[in-house]
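Any read-out appearing in this document is the output of simple, stated calculations on the displayed coordinates, not a laboratory observation. Fair warning: this is a prediction, and the values are worked out from it, not measured in the lab. A quick note on method: Cβ atoms are made from the backbone with ideal geometry, for glycine too, and the neighbour counts reach across all protein chains shown.
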Amino acid sequence: MSLFPPTSLTLLQKLAVEVTGGNEASWVRFFGLYTPAIRRFVELNDHVHDPDDVVQEVYLKLVGILRSGKFDSDKARFRTFLALLIRHQLIALYRQDQARHVADRCSLDDLTDELAVPPEQREQIDLTWAKAKHEAAVEHVLTKVAMKAQSRDIYRAYVVENRPIEEVSVAYGVSPDIIYKVKYRVEKMIEAVETEYTEEN
């Protein structure tokens with residue numbers, strides 16, 4: 001199933017340019033990177049709802065917020081706002097399941113109110129969001145970035161699957177030194193992708 005209607009995503013990217021500045025190409029890449037991260041965040045937090053449905057709801061609400069002028073860059077950075085919107089949507093889904101009715105409104109003030117939770121809970125949410133972004137960045141590099149198939153397989157075996165280096169060395173016919181070099185190069189690529197999650201467009 002389509003993660004998000006292409007015409008609506010195009011509209012969202014144009015609205016993001018108008019509201020927050022930057023060029024459209026950077027926003028196309030932004031949403032291309034963020035969609036898997038949002039999906040992974042939902043998977044880590046919510047074992048009831050379909051992650052793709054949540055992604056769609058988040059983006060639809062974001063379109064509405066940007067169109068209505070409710071986003072205020074003086075109150076929050078756009079990426080901070082997006083992280084809060086994701087969390088707000090998860091909370092709304094839980095409430096909807098429990099009460100079967102949730103007011104269909106969402107503004108920056110609503111999202112800010114959601115931060116009135118114990119510090120340890122906020123910390124856990126931040127850690128989960130960081131984990132989701134990291135895992136999405138790893139998957140992006142391993143599936144979208146050009147590299148030798150052997151390097152990709154070595155990284156998956158040694159880092160993702162956590163296989164012993166001796167086993168990986170034998171399986172791929174390379175020395176441990178080569179494996180360390182592959183790990184270093186791939187992790188630099190992952191770090192570059194993760195940086196895009198935190199830099200403003």
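In units of the rule-of-thumb radius 2.2 N^0.38 Å, the stretch 42-93 shows an alpha carbon radius of gyration of 1.18. With viscosity 0.692 mPa s and temperature 37 °C, the Kirkwood radius over alpha carbon pairs of the stretch 140-201 converts through Stokes-Einstein to a diffusion coefficient of 268 µm²/s.
Spacing of the modelled spin labels on I178 and D50, each 7 Å from Cα toward Cβ, amounts to 4.5 nm.
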